[in-house]
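Report on the following structure.
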Amino acid sequence: MLLDAERVIKNFGGLTAVNRVTLQVDASQIVGLIGPNGAGKTTFLNCVAGTYPPSAGKVRFQGKETTGSTPEDMCRMGLSRTFQIPRPFPMLTALENVMVGAVFGAEHGSKKPARGRAEEALKFVNFPLALDTPAQRLNAVQLKRLDLARALACGPKLLFLDELASGLTPGELDTMMALILKIRDTYGVGMIVVEHIMKVITGICERVLVIQYGTPIAEGTPREVMQDPKVIEAYLGEEVVA
Ligand SMILES: Nc1ncnc2c1ncn2[C@@H]1O[C@H](COP(=O)(O)OP(=O)(O)OP(=O)(O)O)[C@@H](O)[C@H]1O
Ligand SMILES: [Mg+2]
């Protein structure tokens, strides 16, 4: 098993943002993590990726306990992520931004130079602009592709995608879903996909965990969880993007 997160809890003062979340991911497996706004999805990813330590619970990555490891350590061990709001270095070019991932990621010892791996990652995601375009000139959708290329250039075994598809047109959505599946099939990467767009969840996820107020309320295939009354109730009053 690639990732084994067990009863992870994260408290911010009096708020329990993540409340005993258990989630496992195998190699080549895509697991969805969904829930209404503020449910604790990003906070859970942050606890596993080392942004901050969990208040309680255990994280094992590739069989080794990693609870409380730093993001740098997790990245070097093979955990990459994209961010809900990408924040590249604005003055660096697209290529340079991705090279940062290639230099500091899991394959930093690889014989292939960082530049070659960065170019490969940008090609893999079909980056639509010249590679020397400064990051500050990219629009939101291009930034998401750049962020994905950067995460890929780190050489991940496990990839977290946090609302990568938000803001895409229906056509772009299909392309992005195909790209995510291609990443899995080419590199055998396991993934946790956080997404509000249900089409993406049903289209690419083998299994889904639903959380509300930090607490797991349902787990199963996409079809099973969408029919679960607890899940329907949790999303009532929310705009569920079909
Ligand atoms: N660093 C922090 N300090 C204090 N509270 C935080 C912090 N990060 C998140 N929270 C709170 O924790 C809860 C969970 O937030 P989180 O961002 O994980 O939700 P989410 O499920 O990712 O939501 P969204 O779908 O809107 O991205 C929210 O109430 C949020 O305000
Ligand atoms: Mg979030």
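Restricting attention to the range 184-223, the residues that are in a loop (DSSP other than H, G, I, E, B) and open to solvent by less than 20 Å² (accessible area, probe 1.4 Å) total 4. Under 17 Å from N126 (Cβ atoms), within 13 Å of ligand 1 (Cβ to nearest atom), modelled with pLDDT of 95 or more and in contact with a strand residue (DSSP E or B) (Cβ under 9 Å, 6 or more places away or on another chain) - does that describe any residue in the range 180-188? No, because not a single residue in the range 180-188 is under 17 Å from N126 (Cβ atoms), within 13 Å of ligand 1 (Cβ to nearest atom), modelled with pLDDT of 95 or more and in contact with a strand residue (DSSP E or B) (Cβ under 9 Å, 6 or more places away or on another chain). Candidates in the range 129-146 are the residues that are open to solvent by 70 Å² or more (accessible area, probe 1.4 Å) and of a type in the set (S, T, N, Q); of these, the one that is modelled with the lowest pLDDT is N139. Does G155 meet the test of being in contact (Cβ under 8 Å) with a residue 40 or more places away in the chain and touching an Asp or Glu at 6+ places or on another chain (Cβ under 7 Å)? Criteria met by G155.
Here is a check on your reading of the model: is Q227 free of Cβ contacts under 8 Å to residues at least 12 places away in the same chain and open to solvent by 10 Å² or more (accessible area, probe 1.4 Å)? Walk me through it before giving the result.
On the way: free of Cβ contacts under 8 Å to residues at least 12 places away in the same chain: yes; open to solvent by 10 Å² or more (accessible area, probe 1.4 Å): yes.
Answer is yes for this residue.
Counting the residues of the range 17-43 that are part of a strand (DSSP E or B) and buried (at least 17 other Cβ atoms within 10 Å of the Cβ) gives 11.
Among the candidates R76, R81, the residue that is open to solvent by 70 Å² or more (accessible area, probe 1.4 Å) and in contact (Cβ under 8 Å) with a residue 24 or more places away in the chain is uniquely R76.
The values are calculated or read from the model by the stated rules, or taken from the named source; none is laboratory data. No experiment lies behind these values; they were computed from the predicted model shown. Every residue, glycine as well, gets a Cβ built from its backbone with ideal geometry; the counts of neighbours run over all protein chains shown. Accessible surface areas use protein heavy atoms only, side chains included; no ligands, DNA or RNA. Shrake-Rupley method; radii C 1.70, N 1.55, O 1.52, S 1.80 Å.
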